[in-house]
Structures are given as C-alpha cells and as structure tokens.
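The next block holds one structure in the form of structure tokens; read it before the comments.
Computed from the coordinates by the stated procedures, all read-outs in this text should not be read as laboratory data. All of these numbers come straight from a predicted model, not from anything done at the bench. Every residue, glycine among them, receives a Cβ derived from its backbone with ideal geometry; neighbour counts consider all protein chains shown.
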Amino acid sequence: MKDSEDAYTIAIENVVPWENPTDGPGTSMIIETNRGEIKSIIHNDEEKVTKRAVIWVCGAGGGFAGPANGAYEHLSERLKPTITSLRLDYRMPNVLPECVLDTLAGVSFLSTLGHSEIALVGHSFGGAVVIVSGSLHPSIKTIIALSSQTYGASNVASLAPKPLLLVHGSDDTRLTPRCSEQIYEWAEEPKELKILSGAEHGLLESREELLEILETWITSRLEV
C-alpha cells in the first residue's frame, strides 16, 4: 500500500539558490523534493509577507514566461509586494500527474511562508494542471485556465465553490475556443468564460486585455 501512496505524493526536502540563465526579475531557487528538483522563480517582498500568492505554470514544454510575450513575468512584478508570485518549471513537462505534484509542492512551499490565499494560473496544458490541482489543497482559492486543453480537465466540477476563470482566444487553431467552452459546460458555479476576439493560442494579440483581466480577477478573488 505504501508504494501506491508514494506514487501520488511529493515532499519538499530543501530549497536552495539557483542561477537563472535568463537573468530576469525575481529570486531564482530550486525546490528539492523526493521526486526531483523543481526550478522556480519567486517574486515577493521578504519583509512584507501577505496572505495572497499566485502560482504560474506554462504549457506542455514548461518554462517560466507564460503566454502573451512573458505575461507571467510581467504580472509577477506588477502584483508584488501585495501578492507574492511563484513561477514553476515542471520536472517532467507534459506528464500531467507529475506536473500536478509540482504545483502542489509550490502550494506547500508558499504555505510555509504564510500564504493561505493562493491562485493558480495555467496556460494550454497548464490549464489542465491547475484544474486538477485546484481541488486538492484548501489554500487554493481560485483557478485560472488560459487557452486550456480539455484532456485532464473533466474533473472541473470538483473545483466548486472555488471560482474558475477560463480565457481563450477566438482564433486559436491549436486548441480551439470550444475547449474552454466544453470545460465551462462541465464546471459548476462560480465560473466565467472570456473569449478574446482575434487572439490566437498564445493570446499575444490581446496582451493588454489579458493582463487587465488577470490582475483584476486575482486581486478580487484573494482575501487581503
């Protein structure tokens, strides 16, 4: 029985510095777990820790920047110091159960820092990651899926009563808007679906609108 349980658990063993080759904003670190190392970047004010935080995850290829030409990095800086951001790179990109465990490790890490109001944001494959993760920890308060795939997202009804936001581009040919429409139909209230006119899968064409939507949703759904 123990081997079966271990297959669905992850434990943080240490957190160590990491030199991010992109030299971007935020503090780079590695979250060492019993399942391997999770590269991450945190954006916060260590002297002013608040309850609120966001975890940002990317698509099947992993990485940190997010859609719309680095939306995750931009918003991580824009939201601090009142909201901490943690950008995670998957240990095993495109392996849904392992990516969910990475996200939950991020939640656990933020919880140790005193964050109890956490939003999850995922793009493409990452939309399914945050939908699966969203019901698995009480500190997760809201879930945002951008240009999400449907595979892995059929459990979305279990998120209720946590608010769900789905955002999709009207011109997405990689994962059509019907994907988010299907997830919306599966989901229970509270839920919201926004289709961005003219935007493709990466949502770059509606970047400013996307940034405004995300900032407004996150700040209004997490208690101060």
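Mean silhouette area of the stretch 117-165, derived from the convex hull of its C-alpha atoms and averaged over all directions, reads 2.7 nm².
I want the local charge near ALA187. Using Cβ-Cβ distances under 13 Å, sum +1 for each Lys or Arg and -1 for each Asp or Glu among the other residues. So the surrounding residues net to -3. Here the translational diffusion coefficient of the stretch 80-196 follows from Stokes-Einstein with Rh set to the Kirkwood radius across Cα pairs; for 37 °C and 0.692 mPa s it amounts to 231 µm²/s. The stretch 2-221: percent of C-alpha pairs farther apart than 22 Å? Counting every Cα pair in the stretch 2-221, those more than 22 Å apart make up 45 percent. Note: the stretch 139-204, Cα convex hull, 78 Å³ per residue.
Expressed as a rounded percentage, what relative contact order does the chain have, with Cα pairs under 8 Å and six or more residues apart?
Details: 524 pairs, mean separation 35.8, N = 224.
Reported relative contact order: 16 percent.
Packing-wise, with mean Cβ within 10 Å as the measure, how do 120-133, 208-221, 89-102 rank, highest first? Numbers along the way, then the final one.
Working: 120-133: 28.3, 208-221: 16.1, 89-102: 19.6.
Per-residue Cβ counts within 10 Å, averaged per peptide and sorted highest first, yield 120-133, 89-102, 208-221.
Taking the number of Cβ atoms within 10 Å of each Cβ as an exposure proxy, the fewest-first ranking of GLU73, GLU37, GLU46 is GLU46, GLU37, GLU73. Mean residue ellipticity at 222 nm, helices only, the chain: -9500 deg cm²/dmol; runs of at least 4 DSSP H residues each add -39,500 (n - 2.57), and the sum is divided by the number of residues.
If I take every Cα pair under 8 Å that is 6 or more residues apart in the stretch 1-111, average their sequence separation and divide by the length, what percent do I get for the relative contact order? Before the final figure, lay out each step's value.
Working: 196 pairs, mean separation 28.2, N = 111.
Contact order relative to length: 25 percent.
Each semi-axis of the equivalent ellipsoid for the stretch 1-82 is √(5λ) with λ an eigenvalue of the Cα gyration tensor; in descending order they amount to 26, 16, 14 Å.
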